[in-house]
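We did not get these values from a lab; they are worked out from the coordinates using the rules stated. Not measured: the values here are computed from a predicted model. With ideal geometry, Cβ positions are generated from the backbone for all residues, glycine too; neighbour counts draw on all protein chains shown.
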Amino acid sequence: MKKIAIAVIAALSIGGSVQAAQIFSTSYDMPNGDGQASGGSYNYWDKEYNGAGSTTTDGAALSGGQGNLTDGVIASDYWYNVENAAGTGPYVGWYGPRTLNPLLTFNFSGSPVIDRVVFYIDDSQFGGVYAPAAIWIDGVNSSYTPPANPSLLTVDLTGLNLTGNQHSIQFFQEFSGNSWTFVSEIEFFGNSGRVPEPASLALVLTGLGLFGAAALRRRQTMSCESLQDRCSGA
């Protein structure tokens, strides 16, 4: 009885638990980065993007795919040391006069609850590259405040409680858009909302069945023993 109960509890904890961890998007939609055609020294396209849209055209509409922003590669240096004319560097860069306040939409499977988003941003303050003046999430201005000094910036926003399978990120650029915004990676964290897997659910049902059968046998045994006691005492 005790072993069966432990097995049932274990199956429930394994199969039906809600996991707090990094949550990966299934795709994101956005305007492609800009580059030399917009006055840049190099091209800051999302060359890894695998969805629809031209990855070699400034500001082209990209949809249904994944790319530089979700590849797990975080830029290790400022843009002028890691970017190139081929557009294969780690950053995606948007130029305000060409792509003003870029809006990104991330799609997720299931119904995750996202409570934290981390951005990796170039704030070299060189060549017109600055951290965003504001970051909006799902149309709401976040608690982010741009730094005063140049840095490889990590913006960690917590306590968000975002629900649903689609979320928007919008970067509002410095100097009324007359600047560049460079982002190398965006990460999401929270609860996946995972339901019990079929194998785990079957294990739970089997355990419950065994638990019920054992309880029934125990009741029957106790009833027989009670009857025998009454009969022997008559």
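Rounded to 0.05, the FRET efficiency of the residue 118 and residue 50 pair, given R0 = 22 Å and the Cβ-Cβ distance, is 0.45.
Expected output is a single nm value to one decimal: the length gained when fully extending between residue 149 and residue 88, i.e. 0.36 nm times separation in residues minus the C-alpha distance. What is it?
Fully extending the segment from residue 149 to residue 88 adds 19.2 nm.
Working note: Cα gyration tensor of the stretch 28-107, eigenvalues times five, square-rooted, sorted largest first, giving semi-axes of 18, 15, 11 Å. Would you be so kind as to identify which of 80, 158, 177 lies farthest towards the positive end of the dipole of the stretch 19-191, taking Lys and Arg as +1 and Asp and Glu as -1 on Cβ and the Cα centre as origin? Among 80, 158, 177, the one farthest towards the positive end of the dipole of the stretch 19-191 is 177. Restricting the calculation to Cα atoms, the stretch 19-191 yields a radius of gyration followed by a Dmax of 14.9, 45 Å.
On full extension, the segment bounded by residue 158 and residue 175 gains 3.4 nm, given 0.36 nm per residue less the C-alpha separation. In the stretch 126-192, Cα pairs under 8 Å separated by at least six residues give a relative contact order of 46 percent.
The label point for residue 24 and the one for residue 107, both projected 7 Å from the Cα toward the Cβ, are 1.7 nm apart. Towards the positive end of the charge dipole of the stretch 19-191, with charges on Cβ (+1 Lys, Arg; -1 Asp, Glu), say which of 119, 167, 186 has the farthest Cα. Final value for the positive-end residue is 167. Efficiency by 1/(1 + (r/R0)^6): what FRET value for residue 37 and residue 71, r their Cβ-Cβ distance, R0 = 22 Å, to the nearest 0.05? So, using R0 = 22 Å, E works out to roughly 0.35.
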